[in-house]
């Protein structure tokens, strides 16, 4: 019979169990396991990708850092500091009425350009569709009779490409322009989210819960906090999704120094 040998000490095993199974008297268990703060669950360590969690009464820290063993990132950041750096611009600038009005204007110009392009395409499409239909028929005839210059597989691939192009043009002909009502949604949605963020920062649990859903989409799912050279300096990276106001796509990289 082979004897199993211990590979970790009792102390290390105990600490690991305490980290993976918090005690029942832990604050999150008393609160039903729901995150308390607006950025809870969003902050990640840029070194090891573990969550940045509340480590004391006022600060976030890497959850896998333990005396430099699991992760080398020992930098903590005050909760009020990271909230002001990341949420302040949203509340005071990005969702301000003037900025939202500018966003609506840019979207309207984009939609008008798209409509004009679709109208131009619609006038050109019939002739191109006729040419594609004639080309497909010629290729099918060559495939049926045999062709000394192209194999059957090559002819079929050419037919598939032409047919795909034809379907694409047909779909573009019937594509509808984006509804203008989305422009009226922007100001109302922005004001709602701005109010939820403000109330969440003031400690309103229901507002914080709703704001976190929006913030998760706005920040592209997570915010990476990386050491930036100084002993207490972190830099935040995220993929900002401005389409979160309309639950739509559209991302652009962003970063900020904490």
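The values are calculated or read from the model by the stated rules, or taken from the named source; none is laboratory data. Keep in mind that what you see is a predicted model, and the values were worked out from it rather than measured. Here the Cβ is made from the backbone with ideal geometry for all residues, glycine too, and neighbour counts use every protein chain on show.
For the reader, a short list of remarks on this structure follows.
- Unique residue being free of Cβ contacts under 8 Å to residues at least 12 places away in the same chain, in a helix (DSSP H, G or I) and within 23 Å of residue 44 (Cβ to Cβ) when the list is 213, 197: 213
- Condition met for residue 43 (buried (at least 17 other Cβ atoms within 10 Å of the Cβ) and touching a helix residue (DSSP H, G or I) at 6+ places or on another chain (Cβ under 9 Å)): yes
- Note on region 28-111: enclosed strands (runs of 3 or more DSSP E) holding 3 or more residues that are touching a strand residue (DSSP E or B) at 6+ places or on another chain (Cβ under 6 Å) and at pLDDT 80 or above are 43-45, 59-62.
- Meets criteria (part of a helix (DSSP H, G or I), modelled with pLDDT of 90 or more, buried (at least 16 other Cβ atoms within 10 Å of the Cβ) and within 41 Å of the chain's Cα centre (by Cα)) for residue 159: yes
- When residue 225 is tested against (1) touching a helix residue (DSSP H, G or I) at 6+ places or on another chain (Cβ under 6 Å); (2) surrounded by 17 or more Cβ atoms within 10 Å (Cβ to Cβ), exactly one condition is not met: (1).
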